[in-house]
Amino acid sequence: MPETFRPIPCYRPNSVLLRYFKNAFDSRTPLTLLFSFSYLLDLHSVLHQLSFTMATVTTENGYILTTQRIPDLVRGIVHTHSSSVTRERFQGDLRHWETFEQEVRHNFQRFGQHWTPTFLSVHATTPDNNDIYNEQLYCGNEASVLARFNQNVSHVVTSVAREQGLNYRFGDFKATTCPELDAPDVALIGPDCQPRLCGEAKAPWNHNFGATIELGSNSNALRQLLGELPPR
């Protein structure tokens, strides 16, 4: 026991009062300090009463994060039943992007071996049901749907894009230079603060998006669904 540490017993059972002298901290001997604390607090016996489980983790780079499935929302037992579609109609040009999937696949494969190996995330290989990697929040309306989209898509895609050298970030529409009064919920923002794409969050259980899209780009239902988006 170093002389610099002089434990003074208290009259209260199972307690020790430590008095630290100035030369103890000036000595810069961390191992001495550690063993002194171990002796005083009997850490050895405490550690033997604890059991530790080493979790195996999976590391994820941009490629893995981009190809992962977006987790399903956890809809609350109590939730909104009303439609959030406004009476406004999208006034801009609408055209079917026939080569969208082909272009996405082409650009994804274009990275090829250029995906950076940097680990952007880790998670437990066999996560517990209460792991924060799993969906935990109830979604009751479009506000919580937007929150989960931003966490699971906007946040992840921004991280991957910037790691790949693409100077874009997701954010809310107020972070752009467009002075729209009825601003969409989310935007992909370029380095000039101009929106490259924008979107509106809707509670999926209140809308049949697939059926509306199948009606075609000239249908009033689709234009009403996109009514809150700026026509450019």
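Only the coordinates and a few stated rules stand behind these numbers; no lab work does. Just so it is clear, the model here is predicted, and its values are computed rather than measured. As a convention, Cβ positions derive from the backbone with ideal geometry for all residues, glycine included, and neighbour counts pool all protein chains shown.
A P(r) calculated from all alpha carbon pairs of region 60-201, with 10 Å bins opening at zero, reads 9, 30, 37, 20, 4 percent. Using the Cβ-Cβ distance between ASN167 and THR58 with R0 set to 30 Å, the FRET efficiency from 1/(1 + (r/R0)^6) comes to roughly 0.55. Potential lengthening of the chain between VAL153 and LEU137 amounts to 4.2 nm, from the contour at 0.36 nm per residue minus the alpha-carbon distance. When peptides 100-110, 182-192, 119-129 are sorted by average Cβ neighbour count within 10 Å, with the highest value leading, the order is 182-192, 119-129, 100-110. For the pair ASP128 and HIS81, label points projected 7 Å from Cα toward Cβ lie 3.7 nm apart. Residues of region 166-195 with an amide N closer than 16 Å to a point placed 7 Å from the Cα of THR66 along the Cα-to-Cβ direction: 166-170. Spatial offset of region 64-135 relative to region 148-205 amounts to 13 Å, using the alpha carbon center of each.
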